[in-house]
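All remarks here apply to the structure that follows.
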Amino acid sequence: MVVSSLKLHDLIEEIRGAKTQAQEREVIQKECAHIRASFRDGDPVQRHRQLAKLLYVHMLGYPAHFGQMECLKLIASPRFIDKRVGYLGAMLLLDERHDAHLLITNSIKNDLNHGIQPVQGLALCTLSTMGSAEMCRDLATEVEKLLLQPGPYVRKKAILAAVHMVRKVPELSDIFLPPCAKLLHEHHHGILLGTITLIMELCQRSPAALRHFQKVVPKLVQILRTLVTTGYSKEHGISGVSDPFLQVQILRLLRILGRNHEESSETMNDLLAQVATNTNTSRNAGSAVLFETVLTIMDIRSAAGLRVLAVNILGHFLLNSDKNIRYVALTSLLRLVQSDHSAVQRHRSTVVECLRETDASLSRRALELSLALVNSSNVQDMTKELQAFLKSCPPDLRADCASGILLAAERFAPTKRWHIDTILHVLTMAGTYVRDDAVANLTQLIGGAQELHAYSVRRLYHALARDISQQPLVQVATWCIGEYGDFLLENCEETEPLKVEEEEVLALLEKVLQSHMSLPATRGYALTALMKLSTRLQGDTNRIRQVVSIYGSCLDVELQQRAVEYNMLFQKYDHMRAAILEKMPLVEHSSPQADEKAKGSREVAPLSEDQALVPTEPQTSKLSDLLDLLDDTSGDTRQPPPLQPSPEGGVVHLLDLPSTPPPPASIPTLKVFEREGVRLNLSFTRPPGTPALLLITVTTTNSSEDDVTHFICQAAVPKSLQLQLQAPSGSTATARGGLPITQLFRILNPNKAPLRLKLRLTYNHFGQSVQEIFEVNNLPVETWQ
Amino acid sequence: MCSFLEWRDLKIVYKRYASLYFCCAIEDQDNELITLEIIHRYVELLDKYFGSVCELDIIFNFEKAYFILDEFLLGGEVQETSKKNVLKAIEQADLLQEPRHEYFNVPVY
């Protein structure tokens, strides 16, 4: 059935003419049905047209997998138009994940070997775009052959195909390394460009290759010098800069070769200075080359003067009106800030200017760089700038900015008061964006600054009165008001004298408690703060009692529990209330990087007392020490205590167990058998660590005139016990008190059942074989109790 | 507006020509400014080939746009820095196609 299908042109027009998504889908579905039918019928002449239509549809996002096999057929066709569209289809539709891609390997091989130049070009292009590792391995020799051909058109493509192959299969580097040095002597820019890219790949993958190519540095320097000094050729150049693409690639390779290598770095010093000073930067091409030069100078072992020049160039870039150039300058300075900090500091003011940019990428870079430039001398100015930025910055940068300011404040704060002010400011402006531990950090900081308690609580109170929506701020403020509420009512010289009434404070806390904006954790803070105020404030506590009793029936379980407990505190334990609600001691808290310690919790204090007790316990009975420690740690149910603080505590005791086993609770040895000089003795041991274990050593001695040979001792115990017999020391007990036979029995008696033991002996003595079976009587009670 | 964005572990460089955005994704160690030149060079090639290229030219001749790209870049790297050589290669390839290619627009030089 021949259905006249659309020409590509008409299909595109029809699709573009569709007014709705549904209409477009309809057109495409109809056309895809035609295409599928045509693929099935196999009309070879129209196949490329059908595939072209399919590729357009694929570009719009519709499924086109049924065209994969058609690509293979088209590639195999002798017509150039078929191959062209077929290879394009292969690049767009096939990829490594589909097994079908391997099927084109043979076609590519044929085309590489026998095709005309354009066909070879197509094949190489396809190989470089979607060639998988298997394909690369199969076709490596073909590509190598093409590398050495004279014609530049195919050669330059072969070189870049080699680049792709080395990326996919690093082992192929061995094949492609040898031709490189010779290729550098070519004059064709395309070949040079490809060769330099190939050398870069080889050097990045193997240090041996890097060393090998360090000897071509002079050649590279010569090529670049020629480019820069000889006249500008319009064919390869862009606005006064000769072949910037090639220049940039050479500079990149020089960077890789010169890194950590004195000799190479020296060779390129002059050239880099020349490029840096002579490049025409009126247009972007020149700036691109200059930028690459700066990166190279900073990365190799360059002379000091050259480095200064590079940083200055970056400084100039920062003042450029072109935003792109400012962006790359900021990025590079960020990379340099670790190694050349003082040089970058000189441009600090310009960087801070960039903070005021409206462009998102630029302001992000400026923020990162500004944060990296903060040090103890400029921290106050920088923080002011950063806080101004925080006010106006886009939301996605707020979190970074806030945490950056807090970190900088932590490291470089000149005074505690300034530190508290800064954190307060950040919390007020960007409270919802700060990290979770900011609250803990601030409470610990305030707790530690005793002289600032009054000041802090007043500032926090005012902040809270203005705005109760920022949760971290609210949490810190309520905690402070609870702890230091008494300072609120006194007069404080540091802030404006303001009469704060008790009722106002309580009202504010209640407001926080009831607000729908408060998180459950915040409400917990508020409730506890109210409770603490009951001892701090002078007035009567009725209002607080009321609130506490109301929340005794709150739906939130945590709040309810707290309220009920506090209620109890009012009712039955009123005498203890003042002691319990005392001011907290300073929390042990190291730098923000440490995260294992219990965060500002009361449990830390009593635990450290426990651990202080342990070292003073007597060393007599290690066993009881062990058990005591187990009791201690299990007693504290509220929080699993960290074992590592105060290492002089229990840990040493655990490890300090004596190496010799402790003297067993001595159980007397038992003689169980005697016959004609052959005696059997049992000795018992109950190891201290394992109460259910009983070790019996059976010792057989022979005081007679004849040896005891082939001695075998077997034992049986009641079913509830487990018996394990270890191998005896031997089966011969020599005569006249010679070497005895010993054997160890292990009996596990977890249920402490009464021990009964039956023994069976067989041996040869005086030429007779003896067999004895008997039960051991008089087993001491200590063996099983 | 700055022409560079960050996306995952790549950098996106874009340039706007009338109503079209040409976007290019590059790796961390690549030079953004030279990428802008690469984009511009490609647009210049299209312009030379189609004669004052417009959006419709690219839409109705998308395969041509691919063919031109494949003569300028290979495996993600620049293969030919001479505009003349790229256009010459395309011209020769076009001549190899059979004359009866009724669905391709005959390019207007």
Residues A:ARG458, A:ARG466, A:ARG417, A:ARG411: which one is in contact (Cβ under 8 Å) with a residue 40 or more places away in the chain and among the basic types (Lys, Arg)? A:ARG458
Single match in A:GLY86, A:GLY42 (criterion: crowded, with 17+ Cβ neighbours inside 10 Å and either small (Gly, Ala, Ser) or in contact (Cβ under 8 Å) with a residue 40 or more places away in the chain (or both)): A:GLY86
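Collect the residues in segment A:256-270 that are touching a Cys at 6+ places or on another chain (Cβ under 8 Å) and either of a type in the set (Val, Ile, Thr) or touching a residue at least 60 places away in the same chain (Cβ under 8 Å) (or both), keeping them in residue-number order.
A:ILE256
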Scan segment A:371-383 for residues that are touching a residue at least 24 places away in the same chain (Cβ under 8 Å) and assigned to a helix (DSSP H, G or I) and jot them down. A:LEU371, A:ALA372, A:LEU373, A:VAL379, A:GLN380, A:MET382, A:THR383
I need the full set of residues from segment B:46-86 which are crowded, with 17+ Cβ neighbours inside 10 Å and of a type in the set (A, V, I, L, M), in order please. B:LEU46, B:VAL53, B:ALA65, B:ILE68, B:LEU73, B:LEU74, B:VAL78, B:VAL86
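For segment A:528-557, which residues satisfy the criterion of being assigned to a helix (DSSP H, G or I), without any contact (Cβ under 8 Å) to a residue 24 or more places away in the chain and not polar (S, T, N, Q)? It would help to see each step written out before you state the result.
Step one: filter segment A:528-557 for residues assigned to a helix (DSSP H, G or I), giving A:528-536, A:542-553, A:557.
Next, only the ones that are without any contact (Cβ under 8 Å) to a residue 24 or more places away in the chain stay: A:542, A:546, A:548-550, A:552-553, A:557.
Result: A:VAL548, A:ILE550, A:GLY552, A:VAL557.
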Residues in segment A:182-198: is at least one part of a helix (DSSP H, G or I) and either of a type in the set (Lys, Arg) or surrounded by fewer than 18 Cβ atoms within 10 Å (Cβ to Cβ) (or both)? yes
On the basis of being closer than 24 Å to B:TYR14 by Cα, aliphatic (A, V, I, L, M) and either part of a helix (DSSP H, G or I) or within 11 Å of another protein chain (Cβ to nearest Cβ) (or both), does A:VAL352 make the cut? no
What's the number of the condition A:GLN471 fails, among (1) at pLDDT below 85; (2) in contact with a Gly (Cβ under 9 Å, 6 or more places away or on another chain)? (1)
Which of the residues spanning segment A:519-535 are surrounded by fewer than 22 Cβ atoms within 10 Å (Cβ to Cβ) and either among the aromatic types (Phe, Trp, Tyr) or at pLDDT below 85 (or both)? A:THR535
For A:MET91, which of the numbered conditions (1) over 21 Å from B:LEU56 (Cα atoms); (2) under 42 Å from the mean Cα position of the chain (by Cα); (3) surrounded by fewer than 17 Cβ atoms within 10 Å (Cβ to Cβ) fails to hold? (3)
Unique match (being within 11 Å of chain B (Cβ to nearest Cβ) and either surrounded by 18 or more Cβ atoms within 10 Å (Cβ to Cβ) or part of a helix (DSSP H, G or I) (or both)) among A:ARG307, A:ARG326: A:ARG326
In segment B:68-82, the residues that are more than 7 Å from every other protein chain (Cβ to nearest Cβ), of a type outside the set (Val, Ile, Thr) and in contact with a helix residue (DSSP H, G or I) (Cβ under 7 Å, 6 or more places away or on another chain): B:LEU69, B:GLU71, B:PHE72
Picking from A:VAL221, A:VAL289, which residue would you name as being surrounded by fewer than 21 Cβ atoms within 10 Å (Cβ to Cβ) and closer than 29 Å to A:HIS164 by Cα? A:VAL221
Tell me, yes or no, whether segment A:233-255 has at least one residue that is out of contact with any helix residue (DSSP H, G or I) (no Cβ under 8 Å at 6 or more places or on another chain) and either touching a residue at least 60 places away in the same chain (Cβ under 8 Å) or facing chain B (nearest Cβ under 10 Å) (or both). yes
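Yes or no, residue by residue, for (1) loosely packed, with under 15 Cβ neighbours inside 10 Å; (2) within 23 Å of A:GLN768 (Cβ to Cβ); (3) free of Cβ contacts under 8 Å to residues at least 24 places away in the same chain:
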site	(1), (2), (3)
A:VAL672	no, yes, no
A:PRO687	yes, no, no
A:ASP707	no, yes, no
A:HIS710	yes, yes, no
A:PRO718	yes, no, no
A:PHE745	no, no, no
Restricting segment B:3-29 to residues that are charged (D, E, K, R) and surrounded by 17 or more Cβ atoms within 10 Å (Cβ to Cβ), which is farthest from A:LEU253 (Cα to Cα)? B:LYS15
Single residue of A:ALA158, A:ALA123 found to be crowded, with 18+ Cβ neighbours inside 10 Å and away from every other protein chain (no Cβ under 11 Å): A:ALA123
Within segment B:1-41, residues touching a residue at least 12 places away in the same chain (Cβ under 8 Å), more than 12 Å from chain A (Cβ to nearest Cβ) and not hydrophobic (A, V, I, L, M, F, W, C) come out as B:ASP9, B:TYR17, B:SER19
Conditions (1) within 13 Å of another protein chain (Cβ to nearest Cβ); (2) modelled with pLDDT under 95; number of the one not met by A:LEU224: (1)
Scan (1) more than 13 Å from every other protein chain (Cβ to nearest Cβ); (2) over 43 Å from the mean Cα position of the chain (by Cα) for the single condition A:PRO78 breaks and write down its number. (1)
Going by the structure shown, is A:THR267 hydroxyl-bearing (Ser, Thr, Tyr), surrounded by 15 or more Cβ atoms within 10 Å (Cβ to Cβ), within 13 Å of another protein chain (Cβ to nearest Cβ) and more than 24 Å from B:GLN79 (Cα to Cα)? no
Quick check, is A:GLU772 over 13 Å from A:ILE696 (Cα atoms), charged (D, E, K, R) and surrounded by 14 or more Cβ atoms within 10 Å (Cβ to Cβ)? yes
Does A:PHE317 qualify as being part of a helix (DSSP H, G or I), under 33 Å from the mean Cα position of the chain (by Cα) and among the aromatic types (Phe, Trp, Tyr)? no
Among the residues of segment B:66-75, write down those that are under 23 Å from B:GLU32 (Cα atoms) and at pLDDT 95 or above. B:TYR66, B:ILE68, B:LEU69, B:ASP70, B:GLU71, B:PHE72, B:LEU73, B:LEU74
Of everything in segment A:564-583, what is farther than 25 Å from A:PHE487 by Cα and either in a helix (DSSP H, G or I) or within 49 Å of the chain's Cα centre (by Cα) (or both)? Give them in sequence order. A:VAL564, A:GLU565, A:ASN567, A:MET568, A:GLN571
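Taking the conditions exactly as written (at pLDDT below 85, surrounded by 15 or more Cβ atoms within 10 Å (Cβ to Cβ), away from chain B (no Cβ under 14 Å) and within 22 Å of A:THR422 (Cβ to Cβ)), does A:CYS393 satisfy them or not?
yes
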In the list A:LYS53, A:LYS73, which residue meets the criterion of being surrounded by 13 or more Cβ atoms within 10 Å (Cβ to Cβ) and under 19 Å from B:TYR66 (Cβ atoms)? A:LYS53
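The values are calculated or read from the model by the stated rules, or taken from the named source; none is laboratory data. Just so it is clear, the structure is predicted and the values come from calculations on it, not from any experiment. Here Cβ is always computed from backbone atoms with ideal geometry, including for glycine, and neighbour counts include all displayed protein chains.
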